[in-house]
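Undergrad: Here it is, the structure in full.
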Amino acid sequence: MAQTKHTGSTPHVLSSATVARLPARPLDAQKGDFGHVLVVGGDLGTGGAVLLSA
């Protein structure tokens, strides 16, 4: 596997106007209705942060 280096992140702040344009969620919605995330990290015996992020 090719080795890559993460060089940084750019933080983003959502304005009230941007949030207002998001569609409203149904009142009976739950977290499983809106997509999924795969978290990859840690090493053998050091997966604590990955477990905490779930």
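We did not get these values from a lab; they are worked out from the coordinates using the rules stated. No experiment lies behind these values; they were computed from the predicted model shown. Don't worry about glycine lacking a Cβ; one is built from the backbone with ideal geometry, like all the others, and counts go over all protein chains shown.
Undergrad: In the range 15-54, which residues are in a loop (DSSP other than H, G, I, E, B), surrounded by 10 or more Cβ atoms within 10 Å (Cβ to Cβ) and within 16 Å of the chain's Cα centre (by Cα)? If you could, list the steps in order and put the result at the bottom.
TA: Kept after step one, since they are in a loop (DSSP other than H, G, I, E, B), are these residues of the range 15-54: 15, 21-30, 34-47, 54.
Okay, now just the ones that are also surrounded by 10 or more Cβ atoms within 10 Å (Cβ to Cβ), so 25, 29, 39, 41-42, 47.
Hits for the range 15-54 are Val39, Gly41.
Undergrad: Turning to a different aspect of this structure: Mind checking which pairs have a first residue in the range 32-54 that is among the hydroxyl-bearing types (Ser, Thr, Tyr) and a second that is surrounded by 10 or more Cβ atoms within 10 Å (Cβ to Cβ), Cβ under 7 Å, 6 or more apart or different chains?
TA: Filtered contacts from the range 32-54: Ser53/Val39.
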